[in-house]
Structures are given as structure tokens and as C-alpha cells.
Amino acid sequence: SIAPEIARLKACAVVPVVVIDEAEIAVPLAEALLAGGIDVIEITLRRPAAMAALEVVAKRVPGILPVAGTVVTPAQAAEVHNAGALAVVSPGFTESVDEAMRKTGLPWLPGVATASDCMRAVSAGRLTCKFFPAEQAGGVAGLKALSGPFPQMQFCPTGGVSLANLGNYLALPQVICVGGSWLVPADAVKNRDWAQVTKLSREAREKAAELRG
Ligand code: 3PG
């Protein structure tokens, strides 16, 4: 059976991948996404402020699903759990992060790009994975070929996904959602241009709804 958090990702269909430098802007940013119909946010652990940003979103923006991204160590798995993440994404798969994620009990989408990656993920019972970096790893054709031997797997393609190509991914039955940073451009964050984030979110949701209904 599908975890409720995964069902949320699937229903939203588009997962904004966010790089954040100041925890204070996490709340207006999350609210701007929500205003555009995006009710999930992946906060990547790429900046020192990320953990605080995750915590503040989890506490103060109840309408959005807080997801931690770029989790690459077992310690980070435990930390994002404590910060209030309800799901976790990693760019790749390691046994040590898999084990740490098991302890948290949170849904985890490890990244895969090759058949060997998929074999490892499937052996660990991780059937829902991030396909990363999607465009660079072969795009839609690459994902189709990769998922041939793994019909039980589902994917969230991320990396080079945009409004222009998201429909090609969402049309595949094995794709539950796509991820990408385009909804939250660095310039919009710098200028606190939340209207821009809402506009990009709404466009993405509309495009996804055309395919998903
Ligand atoms: C990620 O970590 O998921 C990617 O950096 C997002 O890729 P994009 O910036 O090409 O959308």
C-alpha cells in the first residue's frame, strides 16, 4: 500500500526543489507555492539554513508537506526527521542512508540513474525512487528503458525538468510526480518575488492537471 505522503506527492504531481539561504523566507516562500496550488515543498540540504527552514515550514505552514532533499548521510536522515520532515529524498542510494531512513520510519525516495542503482534499491524494498538527473540520464526514453526490467518501480524524475517537458514524464504510468527547481528561481527568492513563484506554481499545476485530470 502507498504511504499517505507518497500519495500527496502523486496528487500534487510537481515537487518544487528549493535551495534556501535564510530560514526566515521559508514561510512566505511556502505560502507562495500553496497560493499556486503546490502543497509540497522539498527543501534541499545544500545551505546551512536548510535545517532551520525545514523546521519553520513544518511548524508554521501546516498546509504544505515538508520534504527534505539532498539527504546524503545517515546523520542528516536523523536530523531531518527531528526537524519535522514527513518524507525524504536523496540523489542516490547507499546502504547506510537506507538503514538510517528505516529507523526514522519516513518514506524515502533514493535516487537512481542506472540498472545497478535500481537493483540495489529494489533489494532494499525501495520501489519508489527519484530518477536523477533525469534529462542528463536519458530523459523520457532513458527512463522507459531503465524501468523495463523493473516494472514494480515508480519514479519521480528530477534534473532538467521544466514546464516544457514535465508532461512527457507525467504521461508515463511509472511516473508518480516530477521534481524541479524551476518553480523557485534564485532571482525570485533574491527579490522576494513571491508572485512569480505563485505564477510558476499555477502554470505547473495547470499543465499537470491537463494530463492527470
Ligand atoms: C535536484 O536536486 O533535484 C536537482 O538539482 C533539481 O534539478 P533542476 O535544478 O534541474 O530542476
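Identify the residue in segment 157-179 that is under 19 Å from E206 (Cβ atoms) and of a type in the set (S, T, Y) and, among all such residues, is farthest from the ligand (Cβ to nearest atom). By that ranking, first place goes to Y169. Is segment 129-144 home to any residue that is farther than 19 Å from V17 by Cα and touching a residue at least 40 places away in the same chain (Cβ under 8 Å)? No, segment 129-144 has no match at all.
Within segment 142-166, the set of residues being more than 18 Å from R126 (Cα to Cα), out of contact with any Pro (no Cβ under 7 Å at 6 or more places or on another chain) and surrounded by 15 or more Cβ atoms within 10 Å (Cβ to Cβ) comprises G142, V161, L163, N165, L166. Of the residues G125, G179, G139, the single one that is crowded, with 18+ Cβ neighbours inside 10 Å and on the phi > 0 side of the Ramachandran plot is G139.
Which residue, of T94, T70, is crowded, with 19+ Cβ neighbours inside 10 Å and without any contact (Cβ under 8 Å) to a residue 40 or more places away in the chain? Result: T70 is the single residue among T94, T70 that is crowded, with 19+ Cβ neighbours inside 10 Å and without any contact (Cβ under 8 Å) to a residue 40 or more places away in the chain.
Taking the criterion of being in contact with a helix residue (DSSP H, G or I) (Cβ under 8 Å, 6 or more places away or on another chain), surrounded by fewer than 21 Cβ atoms within 10 Å (Cβ to Cβ), closer than 29 Å to P28 by Cβ and at pLDDT below 95, would at least one residue in segment 189-211 satisfy it? Yes: segment 189-211 contains one or more residues that are in contact with a helix residue (DSSP H, G or I) (Cβ under 8 Å, 6 or more places away or on another chain), surrounded by fewer than 21 Cβ atoms within 10 Å (Cβ to Cβ), closer than 29 Å to P28 by Cβ and at pLDDT below 95. Selection of first residues in segment 170-185 that are of a type in the set (S, T, Y) and of second residues that are more than 9 Å from the ligand (Cβ to nearest atom) and part of a loop (DSSP other than H, G, I, E, B), restricted to Cβ pairs under 6 Å at least 6 apart or on distinct chains, gives an empty result.
The values are calculated or read from the model by the stated rules, or taken from the named source; none is laboratory data. A quick note: this is a predicted structure, and the numbers were derived from the prediction, not measured. Reconstructed Cβ throughout: ideal geometry from the backbone, glycine too, with neighbour counts over all protein chains shown.
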